[in-house]
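In what follows, a structure is listed as structure tokens, so that the remarks can point back to it.
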Amino acid sequence: MSSSPAASASEPCSHSRCKHCSGELIAADSLAAEGFCCPGCKAVHHTIGELGLSDYYELLRKQGESPRKPSNETRPRYEYCNDALFIDRYTSVVTEGGSLRRVSLYLEGMHCAACVWLLEKLPLLNSGIIHARVEFGRSVVTVQYEPEATSLGAVCSLIHSLGYQPVPVEDGEAGTAQAKRHSHRIMLLRIGVAAVCSMNIMMMAVSLYQGRISGITPEYAALFSWVSLVLALPVVLFCAYPFYRTAWGGLKAGVLHVDLPIALAIVAAFVFSAANTLRGEYTLVYYDSLAALTLLLLGGRWLQSRSVERITDAATLLYALSPRVARSAGGEQKRFVESLVKGDLVEVRADEVIPVDGTIVQGDQVLVHQGILTGESVPIRLPLGAHAFAGTTVVSGTLTLRVSAVGRETRLGRILQSLEQQSLKRAPIELFLDRVSKGFTALVLIAALGTFLFWAQSSGYEAAFTAAVALLVVSCPCVLAVATPLTFSVALMQAAKRGILIKSAEVIERLTTIRTIVFDKTGTLTEGAMKLTAACIRERLDGPPHWVSLDIQLSPTQDCESRYSENARRYLAISAALEQSSHHPIAVAVRGFAVKNGLDSAYRLALNNVRTEAGIGVWGELDGELWGLVAPRSVNLADVSDLHLTQVRTVAVNSMASEAVLLRAGVPVLWLSCSDAIRSDAREVIERLRSHGGLTPYLLSGDQTPIAHAVAAQVAIPQAHAYGDVSPEEKRERIAALQSNSPTAMVGDGVNDAAALTAASVGIGVHGGAQVCLSVADVYLTTGGVKPIADLFEGAGRTLSVVRVSLWISGGYNLLGAVGAIAGVIGPLEAAILMPISSVSVILIALLSRKF
Amino acid sequence: MDIVFFLLPASLLLALIAVVGYWWANRSGQFEDLDTPALRVLGDEQSAGEKKESGESSHD
């Protein structure tokens, strides 16, 4: 009955993946033996299995997804949610006088149908939870719970234990949300009414057309004509109202909006048709055209307005990135971060995220990973008295901080706030389509007026009216108002299918205007994690030193037994074993390599007396021999190097890689270097963007300048365009400067890129990036690597081509039709038929052509 | 064909009822979230299928 995960318990763990998150099994311990990579995954898997919800894994498999790794914290940290003030602020009562409470929680880690399914089963997991509803687009779950039966803290802990980190969302945005919801509903209502009316009108119109051709009894003609008029009224008065509003607004501002001819066409057609119905000229009516026109245009407009909404509220994002609670120094007591004031003392332990900005008063040379703010890929050691920032992580050691800033006042908080403001101010680019619309509008109006006047003086008002209305109807800008939004919508869908999520149609057009592209380094051009990049082994200890490089680029399917010698495998395994308990990225890189190649389990090593010597390395004893994995500077490596090793080391040092040496009884036998590997397709893609796209590439990195230059050299970015040691604030300034010269695109993945992303014309967020970054980016690439960026630009170009082709085709039609209408050759009947033909042809092109 | 004089208003009445129903659904927020229901269905199919299977097998 239960699905496959339970069955793999007896598999050897060397090539297995975590039963829950399918991640690599790093540590060679009892957890790994059970098939889990961390206590978090084990807990989640257990919870899910216990409640008979193992279908979750089936569902995920079908979607091609795997669960996100839950955070490492196993202790519940949601007690603060039970505070009365908190409950007051973040929850609301469902019904007046009732006890049931409702709370909205923003979740990190929700990404597919399985997540929706699992989360909506919350009532099964806690009887105090009455109802749970997911809103996938916003990554929010709204829970109704009974405060008597369970607490908010328990609800949050439960969700956390399933692998999703909940962040309560304030209902503060009620004002704008309410207004948006209202306009959205009215739009839907307008479309619905237009659909019903136009379909019924068209039903009768068929009879009227037939009547015009072969005759119809006056009673029936009158019936159909009058009923059509009545049905057309709501369309003209209610459904088409948005067009009148924008057309009038444009006129007042002195602008010719494309809605003007549309509004005129609808009103003129109605007036003309109503006049005819009243006069008894029952078959010479345009009700079906104007109703269909309104429906199509409204539909097109609605398609355009459906863009992905993400939570960009700075406060919510802040609490998704830094903890809500802090530990008071000297005890286990936890306090709500917002209740802290300057001068308070806070303690942060290993593997914890720092909750506030502060100065270090205890804990010297503690390793802190500041990548989220600075983009550095390696943690740095902070001395006593240094500043630590909210959102950064303590890698090892314990810190006591004196609080200097809390919440929105922290550096992180201020960056997020600037994002909120930035996203509203955008450098406006005169979009190609806007210009076309204006020209078109002017042309049509002039032609209609001219036609009317010409015919009025030559054949009288009726003929003039007929010709003018025919002109307005046949030259309906369907291509601009319907086909183009449709083209973009289809392009967005096609892109999404390929893992490129674009926020809105205008982003596509902005992409085609881009001339400069700026890349972040860590995580964007590089893998973002330290990996073993080179290794040399000295096989024989007698005779002159002779070092041989090991091939590291082993694909996981190749047998490492045939590639490496017995010594090599043993040395690598020992290195991994020595670094077993370290969290330093180098240690993770070495262990990762060993695990991937099955070296850890092949050699079940029991090291004795493992001890760390700060600044030097790790020592351990095996079978009586002393082994050590140390930094090269603590050994005289030059004495035992040969030319080959020296060359390899020079290359490594130049690209700022980290080195480590394995000592066997004091003698170097293995040399390792780890660095943040550059993505394999980076160089090729950048060259493609330069040659095909004519883009100028830049590199901005928070990491040290020499590293930035080294990476730039490897990916074909000119040295003059590469900058290192760039703070998040500086990144934004530099982008703004570039932007003032020519439209610039920015590619990044971290919080330290977020501000820069909003300053750029188009911000592109890369796979694996922070939630913040994705919220503010215009484009989000879900597949890794740099190649999607090239696909993005090419797809945007193709989309615009399709739009241009549609414009030409439709333009041709319109011209013919217009000429015919002006010349009086084309009457209302013919106009009413021509218009749909031209519309349908461009719509088909929009739907069927390949853009992405 | 005089029946048309009755049929037409009758069908329009039906259309009116449809519009009222649509308006009510709109008002009660049923069109608020158009993405999640599509995903929700995938999950339910799964558990419904399972229930049917285990229900049938237990009959033996």
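The modelled label-to-label distance between A:Glu566 and A:Glu338, using points 7 Å beyond Cα along the C-beta direction, is 6.6 nm. Stretched out straight at 0.36 nm per residue, the stretch from A:Ser549 to A:Leu445 would grow longer than its current Cα-Cα span by 29.8 nm. Chains A and B together bury roughly 2600 Å² of accessible area, counting both sides, with a 1.4 Å probe on protein heavy atoms only. The stretch between A:Ala529 and A:Arg515 holds 2.0 nm of extra length on full extension. This uses 0.36 nm per residue minus the Cα-Cα distance. The A:Ile616 and A:Thr705 beta-carbon pair, evaluated with R₀ = 22 Å, returns a calculated FRET efficiency of approximately 0.20. Students often get this wrong: which residues of segment A:184-208 have the backbone nitrogen under 11 Å from the point 7 angstrom along Cα-to-C-beta of B:Ile17? Of the residues in segment A:184-208, none has backbone N under 11 Å from the label point off B:Ile17. In order along segment A:660-671, the Karplus-derived 3J(HN,Hα) couplings, from 6.51 cos²θ - 1.76 cosθ + 1.60 at θ = phi - 60°, round to 8, 10, 9, 9, 10, 6, x, 9, x, 10, 9, 10 Hz, and Gly and Pro are given as x.
Note that segment A:788-799 has calculated 3J(HN,Hα) couplings of x, 5, 4, 4, 4, 5, 5, x, 4, x, 5, 4 Hz, one per residue in order, obtained from phi through the Karplus relation 6.51 cos²θ - 1.76 cosθ + 1.60 (θ = phi - 60°); glycine and proline are x. Put simply, the amide H of A:Gln165, placed in the peptide plane, has neighbours under 5 Å in A:Glu108, leaving out anything fewer than 5 places away on its chain. Between A:Leu699 and A:Phe519, A:Ala722, A:Tyr723, the built amide H atoms are under 5 Å apart, and every one of these is 5 or more places off in sequence or on another chain.
Heavy-atom accessible area with a 1.4 Å probe sorts A:Phe136, A:Phe36, A:Phe454, largest first, into A:Phe454, A:Phe136, A:Phe36. Each of the peptides A:692-704, A:512-524 was scored by the mean count of other Cβ atoms within 10 Å over its residues; in descending order, highest first, they stand as A:512-524, A:692-704. So how much accessible area does A:Met835 have, in Å² to the nearest 10, using a 1.4 Å probe? Here the accessible area works out near 10 Å².
The A:Trp248 and A:Ala496 beta-carbon pair, evaluated with R₀ = 41 Å, returns a calculated FRET efficiency of approximately 0.65. These residues, A:Val751, A:Val635, go from largest to smallest accessible area, 1.4 Å probe, as A:Val635, A:Val751. Partner shielding of A:526-533 amounts to 0, given as the average count of beta-carbon atoms from other chains within 10 Å of each residue beta-carbon. Qualifying GluC sites (Glu not before Pro) in segment A:441-539, where qualification requires a DSSP coil assignment and no more than 16 other C-beta atoms within 10 Å, comprise A:Glu539. Subtracting the Cα-Cα distance of A:Asp434 and A:Arg381 from 0.36 nm times their residue separation leaves 13.7 nm of extension gain. Of the listed residues A:Ser810, A:Ser104, the order by accessible area with a 1.4 Å probe, largest first, is A:Ser104, A:Ser810. Per-residue shielding of A:114-120, expressed as the average number of other chain Cβ atoms within 10 Å of the residue Cβ, stands at 4. Judged by the mean number of other Cβ atoms found within 10 Å, the most tightly packed of the peptides A:540-548, A:781-789, A:643-651 leads the ranking A:781-789, A:643-651, A:540-548. Over segment A:182-241, the Kirkwood radius and the radius of gyration, each from Cα atoms, give a ratio Rg/Rh of 1.13. Take each residue of peptide B:29-41, count the partner chain Cβ atoms within 10 Å of its Cβ, and average: the result is 5. Highest average first, the peptides A:343-349, A:796-802, A:410-416 ordered by how many other beta carbon atoms sit within 10 Å of their residues are A:410-416, A:796-802, A:343-349.
Using a simple spin-label model with pseudo-atoms 7 Å out from Cα toward Cβ, A:Leu85 and A:Arg212 lie 7.3 nm apart. Annotation: amide H-H contacts under 5 Å for A:Thr526 (H modelled 1.01 Å from N, sequence separation of 5 or more, or interchain): A:Arg679. The C-alpha atoms of segment A:641-687 occupy a region whose extents along the principal axes are 47, 19, 14 Å, arranged from largest to smallest. Taking 7 Å steps out from each Cα toward its Cβ at A:Arg185 and A:Glu409 produces label points 4.2 nm apart.
The values are calculated or read from the model by the stated rules, or taken from the named source; none is laboratory data. Predicted, not measured: the structure shown is a model, and the values here were computed from it. Neighbour counts run over all protein chains shown; Cβ positions are idealised from the backbone, glycine included. Keep in mind that these areas ignore ligands, DNA and RNA; they rest on the heavy atoms of the full protein, side chains included. Shrake-Rupley method; radii C 1.70, N 1.55, O 1.52, S 1.80 Å.
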